[in-house]
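Below is one structure, written out as structure tokens; comments come after it.
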Amino acid sequence: MRYFPVNLDLRKRPAVVVGGGAVALRKCGSLLEADASITVIAPRLHPALRELGEQGRVKLRERTYASGDLAGAAIVFTATGDLTVDMEVAREAKGLGIPVDVAGSPDLGTCVSPAVVARGDLIITVSTGGRAPALAGLVRREIEERFGEEYSAVAALFGAIREKLLTENRGAAYNKCLFERLAGHDMPHLYRQRAFAEIDRLLLELLGPGYSHAELGVVEKEPE
């Protein structure tokens with residue numbers, strides 16, 4: 001396994017995207033979902049990127065990349081379509097110890113972007129190390145069909161339960177046993193059936209008082 005899988009917290013952290021085309025736009029979309037602070041550097045910009053700049057959602061530097069542009073970045077993406085420029089960006093990023101993703105030439109970078117399926121706090125990623133993006137996309141679509149929006153509700157519920165359990169200091173072994181019992185009741189199916197009352201009944205039976213949707217502050221949201 002060449003790449004070590006890890007999730008990065010990029011909230012409010014600086015990310016640099018070098019390139020102004022459709023690929024750069026997709027990278028910006030993912031970074032915006034991660035709440036990163038994005039700077040785009042390119043002499044020509046996709047209209048949608050320009051619109052993001054006008055909205056104040058990304059910072060635009062409408063010029064060619066120059067040495068020093070990566071200073072302070074937490075992560076770098078380069079997608080210029082010009083191998084010489086991409087190599088220069090990758091070289092500077094590596095010298096600064098900044099993770100860099102080189103679109104179309106993964107061997108030049110130090111990280112790659114996986115295909116992603118997000119269901120609330122549940123994030124499932126698929127990667128072929130940049131060698132077969134079409135295959136990663138195929139697997140992602142299969143995962144999207146298998147894991148619907150009900151998993152977002154389950155993730156929110158389990159997260160709220162875990163936070164409350166941690167305040168009660170019942171111990172890791174006890175908590176693990178409880179979650180295994182919860183998982184055995186196919187919560188995703190119950191959410192698909194909108195069986196909120198049944199879920200609350202199970203929570204009362206397994207966890208005791210104080211763990212209903214209302215008491216946990218979890219919204220009973222119906223799957224889309």
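Computed from the coordinates by the stated procedures, all read-outs in this text should not be read as laboratory data. Fair warning: this is a prediction, and the values are worked out from it, not measured in the lab. Every residue, glycine among them, receives a Cβ derived from its backbone with ideal geometry; neighbour counts consider all protein chains shown.
What the table below lists for this structure:
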read-out: Those residues of the range 1-34 whose amide nitrogen sits under 18 Å from the label point placed on T64, 7 Å along Cα→Cβ; value: 18-21
read-out: Value of D in µm² per second that Stokes-Einstein yields for the range 144-224, Kirkwood Rh from Cα pairs, at 10 °C (1.306 mPa s); value: 123 µm²/s
read-out: Length-normalised contact order for the chain - Cα pairs under 8 Å, 6+ apart - percent; value: 13 percent
read-out: Full-extension gain in nm, F179 to L206, via 0.36 nm per residue minus C-alpha separation; value: 8.8 nm
read-out: Summed side-chain charge close to K94 - residues other than K94 whose Cβ falls under 14 Å, Lys, Arg +1, Asp, Glu -1; value: -4
read-out: Degrees between helix 22-33 axis and first principal axis of the chain (Cα, 0 to 90, nearest 10); value: 40 degrees
read-out: Ranked S152, S67, S105, criterion: other C-beta atoms within 10 Å, fewest first; value: S67, S105, S152
read-out: Calculated FRET value between A132 and A74, using beta carbons and R₀ = 41 Å, to 0.05; value: 0.90
read-out: Per-residue ³J(HN,Hα) for the range 185-195, Karplus 6.51 cos²θ - 1.76 cosθ + 1.60, θ = phi - 60°, Hz, x for Gly and Pro; value: 9, 6, 4, x, 4, 5, 5, 4, 7, 6, 8
read-out: For the chain, average projected area of the Cα convex hull in nm²; value: 15.0 nm²
read-out: Extension gain from R2 to E51, taking 0.36 nm per residue of separation minus the Cα-Cα distance; value: 13.9 nm
read-out: Taking V85, V112 and counting other C-beta atoms within 10 Å, the order from fewest to most; value: V85, V112
read-out: Total lysine pairs whose alpha carbons fall under 30 Å of each other in the chain (8 or more apart, or interchain); value: 12
read-out: Charge dipole of the range 1-122 about the Cα centre (unit charges at C-beta), most positive-ward option of I41, L70, G29; value: G29
read-out: Size of the range 89-204 as Cα extents on the principal axes (Å, biggest first); value: 57, 34, 18
read-out: Around R162: net Lys/Arg minus Asp/Glu count, Cβ-Cβ under 12 Å; value: 0
read-out: Least to most buried among R57, R140 (fewest other Cβ within 10 Å first); value: R57, R140
read-out: Modelled FRET efficiency - R0 25 Å, K164 with R11, Cβ distances, 0.05 increments; value: 0.55
read-out: Phi-based couplings in Hz for the range 91-98 (Karplus 6.51, -1.76, 1.60; Gly and Pro marked x); value: 4, 5, 4, 4, x, 8, x, 9
